[in-house]
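Below you'll find the structure I mean.
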Amino acid sequence: MSIRHGLLALLAAGPRYGSRLRTDFEARTGGTWPLNIGQVYTTLGRLERDGMVARDGVDAAGRTLYALTEAGRAELRSWYDRPVERAGPPRDELAIKLVMALGTDGVDVREVVEAQRRHVTRALHDQVRQRAEALARAPEHPGELARLLVLEQLVLHAEAEVRWLDHCEARLLRFTRGEEPLPPEQPGA
């Protein structure tokens, strides 16, 4: 999620000052996407420059309040209406690490896979525990639903990564046993 649209969404509920936006953003995302206060104020400055937000006075403590403009409301509606683009594969550091390890002397790719699997499995156990806690609190705390949705996404991503690592390991074993031929070298590679 872009910080820009996240702040617009929070401002739809009414004017807020920067550090409140930061706190609300982190609460809404279940604490999984911490923001630097500098990111908040830089983004607010750009949104103000682009006519999406305007300063709306100060609160009792003297903090500058920001409010959504009509252009900001229109942008927010447009963002909600647009699907998130999944064009092109993301640059995933793990995938890059594995393909680079394949051609590096002295690196056992299976050890790289296993180290990552251990790391992801630990994270997965922690996320599943947090999800269970959120589920237990959800009926009494409706705000817990946002955190629950984020945790479920993290759990599903971790499970998918473990499955992919299992697939990589199986593929490596088949190649090393000679069950599958190695792909031919590409000319000019």
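More than 22 Å from residue 146 (Cβ to Cβ), in contact with a Pro (Cβ under 7 Å, 6 or more places away or on another chain) and charged (D, E, K, R): which single residue out of 108, 50, 92, 56 fits that description?
56
Quick one: what pairs do we get from the range 127-145, first residue within 21 Å of residue 26 (Cβ to Cβ) and of a type in the set (D, E, K, R), second modelled with pLDDT under 85 and open to solvent by 70 Å² or more (accessible area, probe 1.4 Å), C-beta under 6 Å, 6+ apart or different chains?
So the pair list comes out as 144/137.
Sticking with this one: Inspect the range 76-95 for any residue being open to solvent by 40 Å² or more (accessible area, probe 1.4 Å), within 26 Å of residue 19 (Cβ to Cβ) and either of a type in the set (D, E, K, R) or in contact with a strand residue (DSSP E or B) (Cβ under 8 Å, 6 or more places away or on another chain) (or both) and give the result as yes or no.
No, that holds for no residue.
To keep it simple, each residue is scored yes or no on (1) in a loop (DSSP other than H, G, I, E, B); (2) over 19 Å from residue 78 (Cα atoms); (3) open to solvent by 40 Å² or more (accessible area, probe 1.4 Å); (4) touching a residue at least 60 places away in the same chain (Cβ under 8 Å).
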position: 7; (1), (2), (3), (4): no, no, no, no
position: 20; (1), (2), (3), (4): no, yes, yes, no
position: 26; (1), (2), (3), (4): no, yes, yes, no
position: 46; (1), (2), (3), (4): no, no, yes, no
position: 61; (1), (2), (3), (4): yes, yes, yes, no
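Turning to a different aspect of this structure: Between a residue in the range 108-122 that is farther than 13 Å from residue 164 by Cβ and any residue that is open to solvent by 90 Å² or more (accessible area, probe 1.4 Å) and of a type in the set (A, V, I, L, M), which pairs come within a Cβ distance under 7 Å, given they are 6 or more apart or on different chains?
As it stands, the answer is 109/102, since those pairs meet every condition given.
Name the single residue that is modelled with the lowest pLDDT among those in the range 153-183 being open to solvent by less than 60 Å² (accessible area, probe 1.4 Å) and under 30 Å from residue 27 (Cα atoms).
154
Tell me yes or no: at least one residue of the range 124-132 is open to solvent by 90 Å² or more (accessible area, probe 1.4 Å), under 22 Å from residue 7 (Cβ atoms) and more than 17 Å from the chain's Cα centre (by Cα).
No, the conditions are met nowhere in the range 124-132.
Does the range 102-122 hold any residues that are of a type in the set (A, V, I, L, M) and buried (at least 16 other Cβ atoms within 10 Å of the Cβ), and which are they?
109, 112, 113, 120
The values are calculated or read from the model by the stated rules, or taken from the named source; none is laboratory data. On a predicted model such as this, the values are computed, not experimentally measured, just so you know. Cβ sites come from the backbone with ideal geometry, for glycine too, and all protein chains shown count toward neighbours. Surface accessibility is based on the protein's heavy atoms, side chains included, excluding ligands, DNA and RNA. Shrake-Rupley method; radii C 1.70, N 1.55, O 1.52, S 1.80 Å.
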